[in-house]
Amino acid sequence: MTLVFAHDAATHHLTPPSHPERVARVTAVEKALIGLTVTRRVSPPAAQSDLLLCHPAPYLARLKAAEPTEGFAQIDPDTWMSPGSYQAASRAVGGACAAVDAVLSGAAKNAFVIARPPGHHAETETPMGFCLFGTVAIAAKHALLSVAKVAVVDFDVHHGNGTQDLLWNEPRALFATSQQMPLWPGTGDRSERGAHGQILNLPLPPGSDGAHMRAAYEAEIFPALAAWNPDLVLISAGFDAHQDDPLANLNWSTADFAWLTHRLCDFAQGRMVSCLEGGYDLDALTASVAAHVGVLQERS
C-alpha cells in the first residue's frame, strides 16, 4: 500500500503573480494521482519537538512573526509568506513525519507527501529558495529516533543546501544528492562531504540527459546506498530536472523519473518516504509525479 499525505493548507500558501512556486502546482500533483490506487491521509501539523530537531526556537518564532496578516511578506529575494504560510509549512513537515511513522510501523511500504512549500533549501536559521522548514531533514531526524540509519536522496535539479546544512553533523544519515552545476544556489561541489564523510554530491553538467544521470547514479549513488544499508530511504522528489522545466537545463524525461524511483525502491527493503520539492512546468510535473507515485504503488 502507498500512502499519500496532504492537507488543504498547501493551497493557502500564496506567492505573488508569476512566481514559479504557486498553488497550481498542487492541482498538477493531484491530477497526477487520478487513477492511481493510493490511500489518502491528512497531514497533521508538525510537532514543535520535531521542528526543534533542526531549527532553533528563536528561528521558529521569527518565522511565525514574519507571516503577514494580509498580502505578502518577502523573506528573501525568492521566498514569500502569506497568511497561512506557516501552517502550510508545518503541515508539510507533519505529513513527512507521519509518513515516516506509518512506513516504519509497517502500515505501508512507502508514502508520498504533497509538501508545499518545499523544504530542501531551508538552512538551520535561514529560509531561502521558496523554503521555510527543512522538511526532509526533519523527517530524517524524526526517523532516527526509531532506527539506526537513514539515507536521504535528493534528485531535485537544485542542490539541497538546506538539507546538507541540517544533516552536516549527523553521522547516522547519508545524504546523496544530484544537481545541475553550475546553478543556483551554487553549493553541491564534490568536496562538500559532511562532518563524517556521509554526504555525497553528484554534480551534473547543464544539458546532460537521463542516460548521463543513470550512469552516474549506477556508478556512485547506488553503491553508496548499498554500502550504507539504511533502515529507511527518504526522497527529496524535485521534478525540475525534467527537460521541459523552465528553471534549469537538464534533459530528463518522465521515464527517467520512473527508472530512478524503481532503482531507489531496491534499498531499505523498499521502505521509502518521498516528499515533493521542485517542478515548475505544470504538465511535466503532472507526468513526472504520476510516474513516480505509480512506481511506488507498483513496488508497495
Taking the Cα-to-Cβ direction at residue 42 and at residue 243 and moving 7 Å from each Cα, how far apart do the two end points lie in nm?
4.3
For residue 244, what is the net charge nearby, where nearby means another residue's Cβ is under 12 Å from its Cβ and Lys, Arg count +1, Asp, Glu -1?
-4
Fully extended, how many nm does the chain gain between residue 24 and residue 218 (0.36 nm per residue separation, minus their Cα-Cα distance)?
66.4 nm
Table column - 3J(HN,Hα) (Hz), region 80-85, Karplus curve with 6.51, -1.76, 1.60, x for Gly and Pro:
10, 10, 9, x, x, 5
Which whole-Hz couplings ³J(HN,Hα) result when phi for each residue of region 55-60 is put into the Karplus expression 6.51 cos²θ - 1.76 cosθ + 1.60, θ = phi - 60°, listed in order with x for Gly and Pro?
10, x, 4, x, 5, 4
Only four residue types carry charge here, +1 at the Cβ of Lys and Arg and -1 at the Cβ of Asp and Glu. Report the dipole size of region 2-299 about the Cα centre in Debye, rounded to the nearest 20.
820
Return the long-range amide H neighbours of residue 75 (sequence gap of 5 or more, or a different chain), with a cut-off of under 5 Å between placed amide H atoms.
80, 81
Before rounding to the nearest 500, sum -39500 (n - 2.57) across all DSSP H runs of length at least 4 in the chain and divide by the residue total; then give [θ] at 222 nm in deg cm²/dmol.
-10500 deg cm²/dmol
Gaussian network model of the chain, Cα springs within a sub-10 Å range: biggest mean-square fluctuation belongs to which of 239, 133, 222?
222
Can you compute 3J(HN,Hα) from phi for each residue in region 209-223, using the Karplus curve 6.51 cos²θ - 1.76 cosθ + 1.60 with θ = phi - 60°, rounded to whole Hz and x for Gly and Pro?
10, x, 5, 4, 4, 4, 5, 5, 5, 4, 7, 10, 6, 5, x
Highest GNM mean-square fluctuation among 151, 137, 107, for the chain with Cα springs under 10 Å, belongs to 107
State the Cα centre-to-centre distance between region 238-292 and region 1-32 in whole Å.
16
Find which of 86, 259, 272 sits farthest along the positive direction of the dipole of the chain, computed with +1 on the beta-carbon of Lys and Arg, -1 on that of Asp and Glu, about the Cα centre.
272
For P(r) over Cα pairs in 20 Å bins from 0, in percent, with candidates (1) 32, 59, 9; (2) 39, 59, 2; (3) 32, 52, 14, 3, 0, the value calculated from the shown model is option (2)
By per-residue mean of other Cβ atoms within 10 Å, what is the highest-first order of 185-195, 171-181?
171-181, 185-195
Between region 178-194 and region 117-170, what is the C-alpha centre distance in whole Å?
15
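Every number in this text was worked out from the coordinates using simple rules, so none of it is lab data. Only a predicted model underlies this, so the values are computations on that prediction, with no experimental measurement involved. We place every Cβ from the backbone using ideal geometry, glycine too, and count neighbours over all the protein chains shown.
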